[in-house]
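Peer 1: Please read through the structure below; I'll follow up with questions.
The values are calculated or read from the model by the stated rules, or taken from the named source; none is laboratory data. Just so we're clear, the structure is a prediction, and the values are computed from it rather than from any experiment. Cβ placement follows ideal geometry from the backbone for every residue including glycine, while neighbour counts extend to all protein chains displayed. SASA here: full protein model, heavy atoms, side chains in, ligands and nucleic acids out. Shrake-Rupley method; radii C 1.70, N 1.55, O 1.52, S 1.80 Å.
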Amino acid sequence: MLGLGKTPDQITKIASQIAGRGQPLLVTRADEAAWNAVRTVVAGAEYHQVARCITVKGPAAPGKGTIALCSAGTSDLPVAEEAAVTAELLGNTVDRMYDIGVAGIHRVLAHRDRLASARVLIVVAGMEGALPSVVAGMVGVPVIGVPTSVGYGASFGGVAALLGMLNSCANGVSVVNIDNGYGAGCIASMINHL
């Protein structure tokens, strides 16, 4: 459930209904006020501050391999963690590699073996959005690009990264919308469960 735009009371009512059915719970874009309301009525709820997510684990079939999750910079962490928390809640093992952007290409190359061992990759980047293309050129599995709204004026709130990823010349890159870590986590999980 998207928490953004909902009041803490609305989130709590929906969350208690989902958890009451024994289903896993994921509230994205949740703030501390929502968390404080939910934890009083939903047993076992956890708050993932960086990801801005509230979760309750439930039954989930394990994924067949590992989902590698890379972010270009630390400014991309909220979106990257949203993707990671989503994928983990859906039963996947996630291997996180943060701050490996192309501004220091040696940082990407240092993780070559970990990248190559993944079944699917989520690659999160703002600015010009080059990291998914670089990573896709190094691996032979699907790469899900996640543009973020991080960047200076000409990044247009993530549009530059989105267009860069959509125009990737590397094979196997698909792209979700700007800041959509949740969507990337869901797609990666589907691929990993095939």
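Peer 1: Taking the Cα of residue 116, stepping 7 Å toward and past its beta carbon, and measuring to each backbone N in region 48-84: which are under 18 Å?
Peer 2: 66-69
Peer 1: Cut-off under 15 Å on the C-alpha distance; same-chain residues fewer than 8 positions from residue 6 excluded. Which aspartates and glutamates are left, in chain and number order?
Peer 2: Leaving aside aspartates and glutamates fewer than 8 places away in the same chain, those within reach of residue 6 are 31, 32.
Peer 1: Still on this structure, I have one more. Relative contact order of region 144-194: what whole-number percent is it, with Cα pairs under 8 angstrom and at least 6 residues apart?
Peer 2: About 41 percent, as a whole number.
Peer 1: Over the chain, what relative contact order in percent results from Cα pairs under 8 Å that are six or more residues apart?
Peer 2: Relative contact order here is 18 percent.
Peer 1: What spacing in nm lies between the two simple spin-label points modelled at residue 39 and residue 159, each 7 Å away from Cα in the Cβ direction?
Peer 2: Here the answer is 4.0 nm between the modelled labels.
Peer 1: Okay, moving on. May I ask you to give the percent of accessible area on region 31-120 that is carbon plus sulfur, with a probe radius of 1.4 Å? Walk me through the numbers before you get to the answer.
Peer 2: On the way: 2220 of 4210 Å².
Whole-percent figure for carbon plus sulfur exposure: 53.
Peer 1: In whole Å, how far is the Cα centre of region 1-80 from that of region 100-118?
Peer 2: 29 Å
Peer 1: Regarding region 13-74, what are the three Cα extents along the principal axes, ordered largest first, in Å?
Peer 2: Extents along the principal axes, in whole Å: 35, 29, 15.
Peer 1: Averaged per residue, what accessible area in Å² does the chain show with a 1.4 Å probe, protein chains only? It would help to have the intermediate numbers written out before the result.
Peer 2: On the way: 8970 Å² over 194 residues.
That works out to 46 Å² for each residue.
Peer 1: Per-residue accessible area for residue 7 at 1.4 Å probe radius, Å² rounded to 10?
Peer 2: Here the accessible area works out near 70 Å².
Peer 1: Moving on. Principal axis extents for region 61-194, Cα atoms only, whole Å, descending order, please.
Peer 2: Principal extents (Cα only, largest first): 43, 26, 24 Å.
Peer 1: What FRET efficiency, computed as 1/(1 + (r/R0)^6) with R0 = 35 Å and r the Cβ-Cβ distance, is obtained for residue 60 and residue 9, rounded to the nearest 0.05?
Peer 2: Approximately 0.80, to the nearest 0.05.
Peer 1: Express in Å², to the nearest 10, the accessible area of residue 106 obtained by rolling a 1.4 Å probe over the protein heavy atoms while all chains stay in place.
Peer 2: 130 Å²
Peer 1: Over region 70-133, what is the relative contact order in whole percent, taking alpha-carbon pairs under 8 Å and six or more residues apart?
Peer 2: With pairs under 8 Å counted, the relative contact order is 43 percent.
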